[in-house]
């Protein structure tokens, strides 16, 4: 996620890490067109590159942007330096962008998050979505396919008012617009709902297989309420994914260091009595949890469904997920490892995550789950891309 900063340049130094010098612009990306038959895409707020990983079978990234040098290091370690622009989106000129079929923006969520300040879509951080649209407006030809991704607060806050503003802006630019809510829970053992606003150039014949006549599994009640009465809202259609088979326990790294006894005891003492009783009933259990404040005191609330809570960035101790292990009468605790966090985001073990623990945890906690992006590309974005070229 990005905030406009005075020192957001193109050659940010990263202490203690060998970071290459980033190109300031990416017009050379046009030269890659002959190397791939896949449609091209631009990615704003690209972060650690899990969207690019998810879309790699269907779209060719020709330009990417992020303001964070640490996240950019993860992106480049996995996707290469070519066409990466490190710096604030406020400094991006649409005149310098290569033409592309798709433009994707996972714009900052802080002002739309229920856990944040709820400043809204025109606030300092989430308001950077308007910089994205400004860059699109400056291009000789806007990409005919757009995706804007964010937290569910985009739809649920203030009765959907923030979504209405974005929807109207896209409609005014000549796009047919719809939105879906996808939970990473369908693909990985992590509860992580996100909104994907998908807009396609008006006038394109939309295949019947992609458009529903009514809300479906991707349109929960809060979405339906938020879009009620909107001009030309599209209920996109995709098949229901196959049932997930893995649980959190399946993703644990064996041999990862456990907390020392004193630290573990302090964490276990935070578990509420009801959760402690439930844990005691299990012979073996892997139970994730977050520290929360309830009635003025800190508690460690656990989950018992084999699913991790939504990953967050690593800012502050309460933002990092704790795992409690029970084997017989033995209890132990530790934080999720960076690789476990990556697995919860659907990243393969071959995905490189340079930097410190906090760097890696934040890179994953601030990303789009890879299988979600891949499913959306396979069943909606790629077919829409084909429809554009018919």
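Table for the structure above
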{"item": "Dimensionless Rg over Rh [the range 257-336; C-alpha; Kirkwood]", "result": "0.93"}
{"item": "Ascending count of other beta-carbon atoms within 10 Å, so fewest first, for 313, 101, 265", "result": "265, 313, 101"}
{"item": "Pairwise label distance in nanometres, residue 165 with residue 130, each label 7 Å out on the Cα-Cβ vector", "result": "0.7 nm"}
{"item": "Theoretical FRET efficiency, 1/(1+(r/R0)^6), r = Cβ-Cβ of residue 278 and residue 93, R0 45 Å, to 0.05", "result": "0.20"}
{"item": "Neighbour-count ranking [beta-carbon atoms within 10 angstrom, fewest first] of 129, 92", "result": "92, 129"}
{"item": "Reciprocal of mean inverse Cα separation for the range 121-212 (Kirkwood radius, Å)", "result": "14.5 Å"}
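We did not get these values from a lab; they are worked out from the coordinates using the rules stated. No experiment lies behind these values; they were computed from the predicted model shown. Heads up, the Cβs are rebuilt from the backbone with ideal geometry, glycines too, and the neighbour counts pull from every protein chain shown.
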